[in-house]
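Visitor: After the structure tokens below, expect a handful of questions from me.
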Amino acid sequence: VTRMWSRDPQEGYRFVILGNRNRFALHDSLVGSSPFLIGPGILMEGDDNELVIMNSELHGLYNGPRVAGYDPDWPVARLRNGPYDGSGGVMRLVGNRFNVTVLGSDLWFSDAEYRGATLFMWGDHNRLLLGEGTVTERSAAYEDAGGIFVVGNNVTVHWRGALSADQKSTVSWPCWDYDPTHPDGWVCLDAVCGGHLIVGSDNTVMMEDSKFQNVLGTTPSFYGGTPDGAVCVNGNDNVVSVRNTRFEDCVSFPGHGGAVSVQGDRNAVSFDGCTFENNQALGFFGGDIAMYNGANSALHVNGSAFRASMAMHGGSIGVQGTAQEVAITGVTLDENLALALQGTGGAVYV
């Protein structure tokens, strides 16, 4: 077991892997950092890289605003030149065709000044597996996504036998981010989320045999913004598949989908054998599940249980848009509530 600490109060200790076709593995290790240090635990930049973390603990990592006068040739500066470089507390991965596997590891007590307190990933055709025994917990982002923040197309994000708990964003608004392929450099992602946010098209998001607990997205009223809850998928032509997964005590305030929200066109969303309990959307609709701002999408819910959740409309499920398909079979709906004065759909709002 190795413990690694930084002696540089400006940079913070981190693994830095630059270039293409690299493979970095961290096994049976303990990586910690002082709360006074700046920088992600693992920084990788390039294409066709592989990252494997097994049976390890990464904690106390913080990525915040850089100090004035830092080296403009530093990779983070090139990718996030300006006040928005503080994204990705534990891991910051920028490039295409990444293959990332995390198994049996605890990623906890991490912070990001902007977004992705656990992980920030930017690029296309990337793959992320948070597998058996992996825990992401007690993390917070000031602006967006207290857990993972993934931007790209043809991306796969897979939770399998994992736990996400006590994660939050505290001030969320539609965020601008740097895109090195965009002519203007900066693009508006128009999506906010308390827990885990996946933005892009033709992506696959899978959750199976996992648990999401006490994940919070909130915004003080004077900031505006409507953060959604635990897992948020934004874009077109995405597939979201959830099996045997539990969501409890997850909140969006004031937003949609305390547990899961999906925005965009032609998305296919399914839940099978899932449990939702005491989730809340304290602003709009879908205390547990929300599908909105799109058209020609499909939501299929089978053999799942919804209990004691609430929203302004649709205490459990809320769907808004054009030509949306909704099929709900073999479910249990118990003690769910529409909170608005003239709220509709204590259980389901379409």
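The values are calculated or read from the model by the stated rules, or taken from the named source; none is laboratory data. Remember, predicted model here, so these are calculated numbers, not experimental data. Ideal geometry is used to build each Cβ from the backbone, glycine not excepted, and the neighbour counts take in all protein chains shown. We work out accessible area using only protein heavy atoms, side chains counted, and drop any ligands, DNA or RNA first. Shrake-Rupley method; radii C 1.70, N 1.55, O 1.52, S 1.80 Å.
Visitor: Kindly indicate whether Val242 is among the β-branched types (Val, Ile, Thr) and either within 21 Å of the chain's Cα centre (by Cα) or open to solvent by less than 10 Å² (accessible area, probe 1.4 Å) (or both).
Guide: yes
Visitor: For residues that are of a type in the set (A, V, I, L, M) and open to solvent by 30 Å² or more (accessible area, probe 1.4 Å), tally how many sit in region 87-126.
Guide: Residues in region 87-126 being of a type in the set (A, V, I, L, M) and open to solvent by 30 Å² or more (accessible area, probe 1.4 Å): 1 in total.
Visitor: Any idea which residue in region 35-48 is modelled with the lowest pLDDT, counting only those that are closer than 20 Å to Ser105 by Cα and in a loop (DSSP other than H, G, I, E, B)?
Guide: Result: Pro40.
Visitor: Further question on the same structure: Of all residues in region 127-155 being open to solvent by 30 Å² or more (accessible area, probe 1.4 Å) and at positive phi, which is modelled with the lowest pLDDT?
Guide: Within region 127-155, the match that is modelled with the lowest pLDDT is Arg138.
Visitor: Does Glu248 fit the bill of being of a type in the set (D, E, K, R) and over 18 Å from Lys211 (Cβ atoms)?
Guide: Numbers: of a type in the set (D, E, K, R): yes; over 18 Å from Lys211 (Cβ atoms): no.
Judged against the criteria, Glu248 is not a match.
Visitor: In region 216-228, is there at least one residue being modelled with pLDDT of 90 or more and within 16 Å of the chain's Cα centre (by Cα)?
Guide: We begin by selecting, within region 216-228, every residue modelled with pLDDT of 90 or more; these are none.
No: zero hits.
Visitor: So, one more: Can you tell me which residue among Gly321, Gly286 is open to solvent by 30 Å² or more (accessible area, probe 1.4 Å) and at positive phi? Full working, then the answer.
Guide: Numbers: Gly286 fails: open to solvent by 30 Å² or more (accessible area, probe 1.4 Å).
Going through Gly321, Gly286 in turn, the sole match is Gly321.
Visitor: Restricting attention to region 339-348, does a residue exist that is in contact with a Lys or Arg (Cβ under 9 Å, 6 or more places away or on another chain) and over 18 Å from Val262 (Cβ atoms)? Please lay out each step first, then the result.
Guide: From region 339-348, those in contact with a Lys or Arg (Cβ under 9 Å, 6 or more places away or on another chain) are none; that's our starting set.
Within region 339-348, not a single residue is in contact with a Lys or Arg (Cβ under 9 Å, 6 or more places away or on another chain) and over 18 Å from Val262 (Cβ atoms).
Visitor: I've got another one for you. Is one or more of the residues making up region 180-188 closer than 26 Å to Ser297 by Cα and modelled with pLDDT under 85? I'd like the intermediate steps shown before the answer.
Guide: We begin by selecting, within region 180-188, every residue closer than 26 Å to Ser297 by Cα; these are 187-188.
Of the ones still in play, those that are also modelled with pLDDT under 85 are 187-188.
Within region 180-188 (the criterion being closer than 26 Å to Ser297 by Cα and modelled with pLDDT under 85), the answer is yes, since at least one residue qualifies.
Visitor: Counting just the residues of region 250-268 that are open to solvent by 10 Å² or more (accessible area, probe 1.4 Å) and in a strand (DSSP E or B), which one comes out nearest to Ala327 (Cα to Cα)?
Guide: Top of the filtered list is Ala268.
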